[in-house]
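S.K.: Pasting a structure below so you can have a look.
The values are calculated or read from the model by the stated rules, or taken from the named source; none is laboratory data. Bear in mind that the values here come from a model prediction, so they are computed numbers and not experimental data. Virtual Cβ from ideal backbone geometry, glycine too; neighbours counted across all protein chains shown. Surface areas here come from the heavy atoms of the whole protein model, side chains and all, with no ligands, DNA or RNA. Shrake-Rupley method; radii C 1.70, N 1.55, O 1.52, S 1.80 Å.
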Amino acid sequence: MKQTKIISVIAVICGCIAGSSTNAATLPAGTTITVSTVSAFSSKTVVGRTFEAKLAQDIAVKGHVLLKAGSKVFGKIASSRYNPRKNDPLTVELISVSVNGRNVAVKTNAFQPGSPPMTGRQAQYGHTAGTLMITPGTLMQFQLLQPVTL
């Protein structure tokens, strides 16, 4: 009797492990992720600062929706004009996506939203004028550089 209980407990545990591994899904490298910003930032925001966004559309693989539109996504400022001695353009990249309450790390390409205005002379010497503001609701599109297991 005792042996039967132990065997049935082991069978249940194995079934749970097998079930959880079949639920795991992978987003392949190259998957396009379109997000809509939630927080505002600018071309003069400090490099490394994070921002929040949400998925603008569902992400499906082989007809199965793996990430629903509206899921939280987090990104970071990869380069900016925060340092006045540098004239780097604003570039951002995604760092994680929220899946069932946990953040899963992602590696995406850098995205360069818009461009600040330029005068003819500034364009000639590679300098920009003004500050580019990214407001909530701005759409940005990224591609995964590495597969992500959810």
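S.K.: Considering only protein heavy atoms and a probe of 1.4 Å, how much of the accessible area of the stretch 28-68 is carbon and sulfur, as a whole percent?
M.R.: 54
S.K.: Give a residue-ordered list of calculated ³J(HN,Hα) values for the stretch 70-81 (Karplus: 6.51 cos²θ - 1.76 cosθ + 1.60, θ = phi - 60°; whole Hz; x for Gly, Pro).
M.R.: So the J values, rounded to whole Hz, are x, 4, 5, 9, 10, x, 9, 7, 8, 8, 7, 9.
S.K.: The stretch 39-103: D in µm²/s via Stokes-Einstein (Kirkwood Rh, Cα pairs, 10 °C, 1.306 mPa s)?
M.R.: 121
S.K.: Still on this model: Net charge near Ser80, counting Lys/Arg +1 and Asp/Glu -1 over other residues with Cβ under 15 Å of its Cβ?
M.R.: Local charge sum for Ser80: +4.
S.K.: Let me ask another. Report the extension gain between Thr26 and Leu145 in nm, rounded to one decimal, defined as 0.36 nm multiplied by the number of residues separating them, less their alpha carbon distance.
M.R.: Contour length minus Cα-Cα distance gives 41.5 nm.
S.K.: By a straight-distance test (C-alpha under 20 Å), which aspartates and glutamates pair with Lys72 as possible cross-link partners, with residues fewer than eight away in the same chain excluded?
M.R.: Glu52, Asp58, Glu93
S.K.: Could you work out the local net charge near Ser98, counting Lys and Arg as +1, Asp and Glu as -1, over the other residues with Cβ closer than 13 Å to its Cβ?
M.R.: Result for the neighbourhood of Ser98: +3.
S.K.: Could you order the peptides 44-54, 67-77 from most to least packed, using the average number of other C-beta atoms within 10 Å per residue?
M.R.: Highest mean packing first, the order is 67-77, 44-54.
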